[in-house]
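Nothing in this text is a laboratory measurement; each read-out follows from the coordinates by a stated rule. Keep in mind that what you see is a predicted model, and the values were worked out from it rather than measured. Note that we place each Cβ from the backbone using ideal geometry, even for glycine, and neighbour counts take in every protein chain shown.
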């Protein structure tokens, strides 16, 4: 096998590991929405216990990337692709952490009766699962246009987040007994909003990988910066 074919095979293996990790994160988000809406403590514990495996995958992917760089000395687009994989693995690991934070809140709020405060969570979870699934496809296809479209969906998550915050705070003001649980729900809602931000970050790295341009997809206007040496 020549050097290029060997390198390409390593990249295929690397992409496959990113897909595996991303699929686990997607499943964790699906499960945590179910656990939260159904007060399913056993499912919440399953999410918490599964985080160790996802953490291990991030370390393995980073080590693999370092080994490729050290042994193959990639440049230009090849190097950019490997760095993108490392960045995406880091973002996926943080997403798994947020799913764990939400799962821990499910355990803590097991006695909570104010389930009306979760009204927007199913829709938020649905959007997030679709975003994660699609962003993994965009990564494999190196589809920058699709990545930018996916990042645009984060606005709906932000809108639902602000709506949820307003409703939770109003409930806490009107009913003193809901304050303790309300604080837990505020944090839970914040973690869902952060999940959307991490997907957007992945989108930005996909765009960078394809175009060699850094774009701030979260802001109203893009901030452009091109790396001339890549």
Checked the range 154-182 for anything surrounded by fewer than 18 Cβ atoms within 10 Å (Cβ to Cβ) and in contact with a helix residue (DSSP H, G or I) (Cβ under 8 Å, 6 or more places away or on another chain); matches are 156, 158, 165, 167, 169, 171, 179
Filter pass, residue 134 being part of a helix (DSSP H, G or I) and farther than 19 Å from residue 15 by Cβ: no
